[in-house]
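Notes for the one structure printed next.
The values are calculated or read from the model by the stated rules, or taken from the named source; none is laboratory data. If you're wondering where the values come from, they're calculated on a predicted model, not measured in any experiment. Cβ sites come from the backbone with ideal geometry, for glycine too, and all protein chains shown count toward neighbours.
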Amino acid sequence: MVCIYKGNGKPRKGEDMTVGELINLLQDFDPETPVRLASQPNYPMEYNIRRVAETEDADDEGLGIAWIVEGRQLGYMSREAAENCWQ
């Protein structure tokens, strides 16, 4: 497992990941690859994705916001996944 993107976790203005950046990071994945949401670094859990939504809540630049919505909790993350997600 390899971390392909590492933000600082505390975005400041202009540091949010964009839809374009996310698409670029995922473009080399097999389209059948499952997607999981990692949560809680001190108690690492994995979730599936319930939906992707868009709201017109404007950010500082007047853009809408894309939301990746947490789905069902699938259990604990593997040690390898947790270490790579929060190293």
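Taken as a whole, the condition of being in contact with a strand residue (DSSP E or B) (Cβ under 6 Å, 6 or more places away or on another chain), surrounded by fewer than 10 Cβ atoms within 10 Å (Cβ to Cβ) and not polar (S, T, N, Q) does not apply to D28. Could you list all residues from segment 67-78 that are within 13 Å of the chain's Cα centre (by Cα) and either over 11 Å from S39 (Cα atoms) or part of a helix (DSSP H, G or I) (or both)? If the condition is that a residue be within 13 Å of the chain's Cα centre (by Cα) and either over 11 Å from S39 (Cα atoms) or part of a helix (DSSP H, G or I) (or both), then W67, I68, V69, G71 are the ones that fit. The numbered conditions (1) of a type outside the set (F, W, Y); (2) within 19 Å of P34 (Cβ to Cβ); (3) part of a strand (DSSP E or B) are all true for A81 except (3).
Scanning segment 43-66 for residues that are at pLDDT 90 or above and assigned to a strand (DSSP E or B) yields M45, E46, Y47, N48, I49, R50, R51, V52, A53.
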